[in-house]
Every structure is written in structure tokens, then in C-alpha cells.
Amino acid sequence: MPSDAAGARPQSAETEWPRVESFRIKDGRCLVDDTYLHVESSYWGYYRNLYEDYWSAGWFGKVAFLSVTFVVPYGLWSLARLLRDPFGWPALAAFGAIALIALFGIYRRVVRGYTAASRIPLADVRVVETNRGMKGLTQPRLLVVYDADGATRRRYLALPSLYATDGEERFREARRVLGRAGLRVE
């Protein structure tokens, strides 16, 4: 039986490679094969997609990309300033914001059943809810509702902004890929 060039997996007339389709999400890619929905996300994936989406979008895209790029260093610089004088209103505001973000994260994960699952069996997926978002206010997103461990779980997937060079097409592509995988997309 012949094998591929790397010798990793034999191929024959009756052996077929699994069909894998993918679409971009805000911080990486979502891959859909015959049995699983795989989510590959990272900070660097977010930064790479941000660059690809905005840098080629003209002057507005370049301004948006540079603004997001410099928010992190500015935040670190501000934190360093707070550490020198930790008893001011800026410290109180920063710690209050961190506490609110932490409480919101706990609420989403524990109370509402959101997960960060990177691999979801297609057979467990009940529905994929789509939300196009409003240009300038919210971004397109998907909510994968599935069963795991006897409970209903949710996986939130943010898609590229509608301001991206082809943000509208990416939203339609995500819907098509998930529909072709046999999932109910609403």
C-alpha cells in the first residue's frame, strides 16, 4: 500500500483523508472536520489577524491597527506609574476595572456555562447562533451551544470586525462552513 511523501499515513483507494474546512476568528482559526470543531486561538493569532485585516484597509485601518498596538505598552507604562504612587484615584480606578472584569468573567463561565473548549464534537452541538453585530458598535460573533458532561455549554467565537477589509464575507463564510458540516445555524 503506497504512503504519502513523509511516510506518515498510508493511502489507498479505500482510505480517504478527512475533509477539513476552516474560517478565521478574531484571535485565530476555527477548523471543522468530519467529527470535531477545533478552535485555535492565541494572542499572537489575534495580533496577526488584526494586522492582516486592518493594515491593507487604508488610512483608517492603519490608525485602528496602530491604536490597538500601542494600547498594551501604554497600559504597562500606566501600571508602572501607579506602582510608584499606589494611593491615588488612578489606582482605585484601575483596581476597580480589574475587579469588574474578573467578576464578569466568573459570571460568564460559571453561571452561564461558557467554556474555552478548543475541541467540540460535532455530534454534541445543538445549534450555532449567529449575530452579525452592528458596524461600529459590536462585532460579528458565533455562539456554539453544545452538550458536555450532562450540561449545556456555550463556546463564544468572535469573528473579525465588519470594518475589516472583508469582514462581511468572513461572517458569511463562517455560516457556510458550519452549515456544510451539518450543524444547525440560526
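What to note about this one:
- Stretchable slack from Y46 to V185, in nm (0.36 nm times residue separation minus alpha-carbon distance): 47.6 nm
- Taking only the C-alpha atoms of the stretch 21-180, the Rg (one decimal) and the largest Cα-Cα distance, Dmax (whole number), read 18.3, 57 Å.
- Along the stretch 93-107 the Karplus relation, 6.51 cos²θ - 1.76 cosθ + 1.60 evaluated at θ = phi - 60°, assigns HN-Hα couplings of 5, 5, 5, x, 5, 4, 5, 5, 5, 5, 5, 5, x, 5, 4 Hz to successive residues, with x for each Gly and Pro.
- Charged neighbours of E169, selected by a Cβ distance under 13 Å, balance to +2 (K, R count +1; D, E count -1).
- Estimated FRET transfer efficiency when R0 is 25 angstrom, pair R29-A151 (beta carbons, to 0.05): 0.40
Throughout, read-outs are computed from the coordinates displayed, never taken from laboratory work. This one's a predicted model, so the numbers in the text were calculated from it and none came from an experiment. Positions of Cβ are generated from backbone atoms using ideal geometry, with glycine treated the same way; all protein chains shown enter the neighbour counts.
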